[in-house]
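> Right, I'll just put the structure down here and ask away after.
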Amino acid sequence: MSASLPKRIAPPPHWRLILREPFARTGLVITLAVIVFALAGSWFSPHSPHALLGTVYGAPERAALLGYDYIGQDVLSRVFCGGRSVVWMAAGSVVLALLSGVGLGLLAGFHRGWIDQVVVWWMDVLHAFPHLILVLLVVSMLGRDPGLIVGVTALAFVPGVVRLVRGLTLGVVNQEFIEAARLMGYSRRSVLFVEILPNIVPALLIHAGTMLSWAVGILAGLNFLGYGVAAPAADWGLMINENRTGLLIQPWGATIPAILIALFALGSNLLAEGAARASSRLEEQG
Amino acid sequence: MGSLLPGCGEQSPKSGGASSATALSSSADEKPRRGGRLRLGIIGGDQAGNLDAHKPFNTGSIIRGFALYSKLWEWNDDMLPKLTLAEFAEPNADASQWTIRLKKGLEFHHGKTVTADDVVFSILRLTDPGLASPFSYLVNAVDREGIAKIDEFTVRIAFKKGIGFSPLPSLWVNFGGIVPTDYHPVTNPVGAGPFKYKDFRPGERSLFVRHENYFLNGQPYPDELEILDFKDQTSRFAALVSGQIHLANAVSPDQIALFRDNPRARLLVSPTYAWNGFYLNTAKKPFDDIRVRQAFRLLVDRGELVKRVFNGEGRIANDLYAAHDPTFNHDIPQRLHDPDGARRLLREAGVGKLSLELVTNAAGSNAAVVFAEQARRFDIDLHIRQVDEATYNGSEKADWAISTGGSLGLPYLAAAVSIDGPLAVANRSNFYDARFHDLIHQALKEPDVERQKTIVHEAQRIQHERGSLLIWGFANALDGVSPLVGIQAERSHFPTWRFDRLWLREDTA
């Protein structure tokens, strides 16, 4: 194929462009720091997160720098080991929501007609449930399996992704370069994933960052309410629930995980904000 | 204050928290003062709360029932039933019939005299299948057709199939409020308790005023009683310290440190026989093998569980409930932590690496976590599954191989017929031992405590040698108390619910 296509309306912002945004740089540093801490923390854990070592809500000491929790486990070790579940479950649910939502949104926006109506109708039904309520409903009926929690959290996010992708696709699908691609005999798959998808990636990145912070909130909230990861697992959300009665006695067991969860949410939000600003700047520059 | 039971040799009631035992309990010569509004803060009150004497939905409703309703018996300071509205209650020779006579001159809140008709109405209401009280199982042995009014103040009660039922008082005392025949839990919540209903907002607060014709002369002492609902222990503690409430019942053991050297909120410690343990289901592998059940009873470190789950506020138990009962067999030696013995028994039973699901409700989750960690040292992997209360008490409960459990410190026969005896509705561990069941039936027919002792001693030996309960500890009841309140520690679960005994040392806003 020798003919070249017309210029696309808004090429996706390069990572370098995004990283020029102070918000994005700060967000990336914070998010990466929390992710690295969560994934590599267990290597630095001084004790097993389940070992019963100290007294109930024992004060910090040399052997336990953040003191002991509600049954005498080392808080520092549980903090080191407790981030992995939050990070993989949050990231997993966002990726899953993107994979299924993008496909459905592209399909609905590109084909329109009855496919569009069916997809939109189902998404409206799903959208009627607030995220946390939907997840709570399913998990309370079917159990607390981490895979199930990730799946249901993703399901709660899918309508948002579908709506976004469908709307963007409807805007892109009538552009000249898409028409040209069709005339030149590009396959439907190529048009969808090579021509349309790259044009909506900036908006998707922004939405992904926002979803990541929502996912962190939902998963932490779920664990706090006792419907997420189950004891004796070390998990930041669960730790807040387990140690909240000791807030006035030994606050580290609840406050450190809360701070880490807040940082993760803040970082992903800043990253999304940075991406949005970079995208707007690009659009302004034409 | 109730005296110590002979042979118990255990903790005395105390106050002031773990670090000090200062004089919080009122002394015997301190004269109670009348007046004021006593405020109790409770946890767990929700919109589903009610005032029903026989079908309370939650702990808050049960506590409100202590204010509104009096019973034929009440728990004494040692958690044994004593006569209150009844002046006489005796079984016949084989305990197949009880004759109960009311005191004369008792009055309900609305002025009606308490009569035999009200007693009959109350037991029929509690056991009414239409009401579907979750607590009717306690007296499900009562034959509804066999309840007879003998005279204006006397009632005779018989039991299904003519069985003996000597523990009637210790079972009926729970949720056995005597209410008038025109009773309605919403439009006419009337009883003969120390306080009358004035206002009730579910999930928020309830207000009661003194019943001037309460059967104990001069009591209760406060003019009013207010019960406030809190969602968590921390906010309730803040309310206690700030003087918003005077009492906080059932303080969580991990909050003990807050009470140390705190002049505005002291800890009342009442050693009880509320047991905590695990059900080992004899109908499920591997617990169908006595050796595995005994191995679990040896591998558990009871001292560590008491230290961590009760924060030290409790005592270890010996796989038997009701250690306060006069019939209890104190000659059975305390089972100790014996890792080698446990490993030997597991080996003999052919059990290698073991992986089991340990089911718990919220109340048992801390014990489950600690026990799972202990079991890990024996290559036993206990996966904890925490379920909600409805599931925990639902139809699956007898299908779980191992689950957490616990109960109030009921007297022996009352506990046996509720937990693992022949009439037990909730026999989670599916314990069926022919000799044990035979002994319990014998004891149920035997009203004489001394003769009951011999029977119960053998039954307890069976439970200890081949039973299905791993009972690791008895918890102390912990209550937060303002120094303004006159109160006594006891060996029951209810020192802060004794609304007819509590008083305020001075008026507060």
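The values are calculated or read from the model by the stated rules, or taken from the named source; none is laboratory data. This is a predicted model, so every value here is computed, not measured. Positions of Cβ are generated from backbone atoms using ideal geometry, with glycine treated the same way; all protein chains shown enter the neighbour counts. Note: areas computed on protein heavy atoms with side chains; ligands, DNA, RNA excluded. Shrake-Rupley method; radii C 1.70, N 1.55, O 1.52, S 1.80 Å.
> How many angstrom lie between the Cα centre of region A:188-215 and the Cα centre of region A:122-173?
16 Å
> Does the protein assembly as shown classify as rounded, prolate or oblate by the C-alpha gyration tensor (a ≥ b ≥ c root eigenvalues; a/c under 1.5 gives rounded; else a/b over b/c gives prolate, otherwise oblate)?
Values: a/c = 2.12, a/b = 1.95, b/c = 1.09.
Cα axes put the protein assembly as shown in the prolate bin.
> Restricting attention to region B:174-255, which trypsin sites (Lys or Arg not before Pro) occupy a DSSP loop and are surrounded by at most 16 other Cβ atoms within 10 Å?
Those that pass, being in a loop and sparsely packed, are B:K231.
> Does a label point 7 Å from the Cα of B:V209, set along Cα-to-beta-carbon, have any residues of region B:162-192 with amide nitrogen under 20 Å, and which are they?
Residues passing the 20 Å test: B:184, B:186-192.
> What whole number of Å gives the distance from the Cα centroid of region B:25-85 to the Cα centroid of region B:311-348?
33 Å
> Separate question: Using 0.36 nm per residue of separation minus the Cα-Cα distance, give me the extension gain between B:R385 and B:E30 in nm, one decimal. Present the calculation step by step, with values, prior to reporting the outcome.
Working: separation 355, 0.36 × 355 = 127.80 nm, distance 5.01 nm.
Here the answer is 122.8 nm.
> When ligands, DNA and RNA are left out and all protein chains stay put, how many square angstrom of accessible area per residue does chain B have with a 1.4 Å probe?
Here the residues of chain B average 37 Å² of exposed surface.
> Count the net charge of all other residues whose Cβ sits under 14 Å from the Cβ of B:P185, scoring Lys and Arg as +1 and Asp and Glu as -1.
Details: positive: B:K55, B:R64, B:R125; negative: B:D52, B:D128, B:D182.
Net charge around B:P185: 0.
> Now for a separate question. Filter the cross-link list B:K103/B:K198; B:K161/B:K196; B:K196/B:K231 down to pairs whose alpha-carbon distance in this structure exceeds 32 Å. Show your work: numbers first, answer last.
Values: B:K103/B:K198 27 Å; B:K161/B:K196 39 Å; B:K196/B:K231 25 Å.
The answer is B:K161/B:K196.
> Give the percent of DSSP beta bridges with both residues in the protein assembly as shown that are antiparallel, rounded to the nearest 5.
75 percent
> While we're here: What percent does the relative contact order of region B:328-451 come to when contacts are Cα pairs within less than 8 Å and at least six residues apart?
20 percent
> A further question follows. Please name whichever of B:N427, A:H131, A:S190 sits farthest to the positive end of the charge dipole of the protein assembly as shown, dipole taken about the Cα centre and charges placed at Cβ: Lys and Arg +1, Asp and Glu -1.
A:S190
> Could I ask something else about it? Does region B:59-121 come out rounded, prolate or oblate by the C-alpha gyration tensor, with a ≥ b ≥ c the root eigenvalues, rounded set by a/c under 1.5 and, if not, prolate when a/b is larger than b/c and oblate if not?
oblate
> Figure the gain on full extension for A:L263 and A:E176 (residue separation times 0.36 nm, minus the Cα-Cα span) and round it to one decimal in nm. It would help to have the intermediate numbers written out before the result.
On the way: separation 87, 0.36 × 87 = 31.32 nm, distance 4.32 nm.
Full extension of this stretch gives 27.0 nm more.
> Another one. Quick check: pseudo-label points 7 Å beyond the Cα along Cα→Cβ at A:W121 and B:A283, how many nm apart are they?
4.7 nm
> Moving on to the next point. How high is the relative contact order of chain B, given as a whole-number percent (alpha carbon pairs under 8 Å, six or more residues apart)? Let's see the in-between values first.
Working: 1169 pairs, mean separation 120.2, N = 509.
Reported as a whole number, the value is 24 percent.
> Follow-up. Can you list which of the trypsin sites (Lys or Arg not before Pro) found in region A:75-118 are DSSP loop residues with at most 16 other C-beta atoms within 10 Å?
A:R112
> Sticking with this structure for a sec: I'd like the interface area for chains B and A: accessible area of each alone minus the complex, both sides summed, 1.4 Å probe, protein heavy atoms only. What is it in Å² to the nearest 100?
Using a 1.4 Å probe on protein heavy atoms, the buried area is about 1700 Å².
> Would you calculate, for chain B, the mean residue ellipticity at 222 nm contributed by helices, counting each DSSP H stretch of 4 or more residues as -39,500 (n - 2.57) and dividing by all residues, to the nearest 500?
That calculation yields -7000 deg cm²/dmol at 222 nm.
> Got the relative contact order for region B:161-225 handy, in percent, Cα pairs under 8 Å and 6 or more residues apart? Please report the intermediate quantities before stating the final value.
On the way: 62 pairs, mean separation 13.3, N = 65.
Contact order relative to length: 20 percent.
> Between A:A128 and B:K353, what FRET efficiency follows from the Cβ-Cβ distance if R0 is 41 Å, with the result rounded to 0.05?
In this case the efficiency is close to 0.30.
> Okay, moving on. If you average the C-alpha positions of region B:484-509 and of region A:29-79 separately, how far apart do those two centres end up, in angstrom?
Result: 42 Å between the Cα centres.
> Using a 1.4 angstrom probe on heavy atoms only, work out the carbon and sulfur share of the accessible area of chain A in %.
The nonpolar share, carbon plus sulfur, comes to 67 percent.
> Just the accessible area per residue of chain A, please: how many Å² with a 1.4 Å probe?
Heavy-atom accessible area per residue stands at 46 Å².
> Order A:R189, B:R302, most accessible first, counting only protein heavy atoms with a 1.4 angstrom probe.
A:R189, B:R302
> Let me ask another. Name the residue farthest towards the positive end of the dipole of chain A from the options A:G228, A:L104, A:L155, assuming +1 on Cβ of Lys and Arg, -1 on Cβ of Asp and Glu, about the Cα centre.
So the residue we want is A:L104.
> Which of the GluC sites (Glu not before Pro) found in region B:59-166 are loop residues per DSSP with 13 or fewer other Cβ atoms within 10 Å of their Cβ?
Working: sites: B:E74, B:E87, B:E107, B:E145, B:E152; in loops: B:E152.
Listed in order of number, the matching sites are B:E152.
> At a probe size of 1.4 Å, how large is the accessible area of B:H330, to the nearest 10 Å²?
90 Å²
> Could you work out [θ]222 nm for chain A from helices alone, using -39500 (n - 2.57) per DSSP H run of at least four and dividing by all its residues? Round to the nearest 500 deg cm²/dmol.
-23000 deg cm²/dmol, from helical runs alone.
> Continuing with the same structure: Give the ranking of A:M239, A:M184, A:M141 by solvent-accessible surface, highest area first, calculated with a 1.4 Å probe.
Of A:M239, A:M184, A:M141, the descending order of accessible area is A:M141, A:M184, A:M239.
> Give, in nm to one decimal, the length gained when the segment between B:R377 and B:D507 is fully stretched (0.36 nm per residue of separation minus the Cα-Cα distance).
Full extension of this stretch gives 41.2 nm more.
> Extending each Cα 7 Å along its Cβ direction at B:H457 and B:E396, get the distance between those two points in nm, one decimal.
Computed distance between label sites B:H457 and B:E396 equals 4.4 nm.
> Could I ask something else about it? About the Cα centre of region B:126-250, how large is the charge dipole given +1 on each Lys and Arg Cβ and -1 on each Asp and Glu Cβ? Please answer in debye to the nearest 20.
That gives region B:126-250 a dipole magnitude of about 320 debye.
> What's the magnitude of the charge dipole for the protein assembly as shown around its Cα centre, counting Lys and Arg as +1 and Asp and Glu as -1 at the beta-carbon? Answer in Debye, nearest 20.
About 1560 debye.
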